[in-house]
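The values are calculated or read from the model by the stated rules, or taken from the named source; none is laboratory data. Just so it is clear, the model here is predicted, and its values are computed rather than measured. Reconstructed Cβ throughout: ideal geometry from the backbone, glycine too, with neighbour counts over all protein chains shown. Protein only, heavy atoms only, side chains kept; ligands, DNA and RNA dropped before computing areas. Shrake-Rupley method; radii C 1.70, N 1.55, O 1.52, S 1.80 Å.
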Amino acid sequence: MTKQARMRNRARVPLLQELPLLVWLVFLWGALWQDFSAGNLVFGAVIAFFVANIFYLPPVELSGRFNPFYAVLFAGRFLYQLVQASFHVFGLALFRGPQIRNGVIGVKLRSRSDLLVTATGHVLSLIPGSLVVDVDRSTSTLYLHALNVSTAEQAEKVREEALNAEAWLIRTMGTKEELAALRAETAETRKRKIGGRA
């Protein structure tokens, strides 16, 4: 199938769903030119509409929900992890140096959303000690290069931290279906822990 045929066959994204992307592109246009005059922004809007609708790109699908309460909690948690990880990496560099063993760990995420997979990858890469080296979009799997991983338990801890980051993003801006699945998974995990103690 040719590029033109694929463009004709793809579903038209509603303008309301596309609006956040267009606004972001117009903001970037103004920032790049350092000119937020009305004329420049209107021209930027035309360019943004052209880019979003003419070039064949997978549409950015938004969930339609955003929870500001969880967004604030997530931001606080992220800043705490950023500081904690920075000191941890500093300590490893100071006392362990070249003796540190690293690993590449695959983490299969819950969400199939490109936006959530990308956001999770960026969050994990911004925290010192881990870096996304590859993404398998077909299975929503991130491959993380992590510092100081030499045992299966340490690898599992990295996976758990990655899935926790994704869970917070789902609570903040995931779909209702993803949120319901996360709540069911959390309830099942809690039930298993209670059963294990019994």
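Relative to the Cα centre, the charge distribution of region 51-150, modelled as +1 at Lys and Arg Cβ and -1 at Asp and Glu Cβ, gives a dipole magnitude of about 260 debye.
With the whole protein complex present, residue 108 retains an accessible surface near 130 Å², based on a 1.4 Å probe. For the chain, the longest principal axis of the Cα atoms and the long axis of helix 114-126 meet at an angle of about 50 degrees. Taking 92, 182, 169 in turn, the Gaussian network model of the chain (Cα-Cα springs below 10 Å) assigns the largest fluctuation to 92.
Partners of residue 157 within straight-line reach, counting aspartates and glutamates whose Cα lies under 20 Å from its Cα and excluding those fewer than 8 residues away in the same chain: 134, 166, 185, 188.
Rounded to the nearest 20 debye, the dipole size of the chain about its Cα centre is 580 debye, using +1 on the Cβ of Lys and Arg and -1 on the Cβ of Asp and Glu.
Select from 174, 91, 39 the residue whose mean-square fluctuation is largest in a Gaussian network model of the chain (Cα-Cα springs shorter than 10 Å). Comparing 174, 91, 39 in the GNM, the peak value goes to 39.
Taking one quarter of the surface of the C-alpha convex hull of the chain gives a mean projected area of 16.2 nm².
Of 100, 54, the residue with the largest accessible area leads and the full order is 54, 100 (1.4 Å probe). The helix-based estimate of mean residue ellipticity at 222 nm for the chain, built from -39,500 (n - 2.57) per DSSP H run of four or more residues and divided by its residue count, is -22000 deg cm²/dmol to the nearest 500. To the nearest 10, the accessible area of residue 139 is 50 Å² with a 1.4 Å probe.
Rounded to whole numbers, the Karplus 3J(HN,Hα) couplings from phi for region 33-43 are 8, 6, 8, 9, 5, 4, x, 5, 5, 5, 4 Hz, using 6.51 cos²θ - 1.76 cosθ + 1.60 with θ = phi - 60°, and x at Gly and Pro.
Take residue 36: with every protein chain present and a 1.4 Å probe, its accessible area is about 110 Å². With the convex hull of its Cα atoms as the shape, region 66-150 has an orientation-averaged projected area of 6.1 nm². Placing +1 on each Lys and Arg Cβ and -1 on each Asp and Glu Cβ, with no other charges, gives region 60-113 a dipole about its Cα centre of roughly 200 debye. When the Cα positions of 93, 187, 135 are compared along the charge dipole of the chain, 187 comes out farthest toward the positive end, with charges on each C-beta of Lys, Arg, Asp and Glu.
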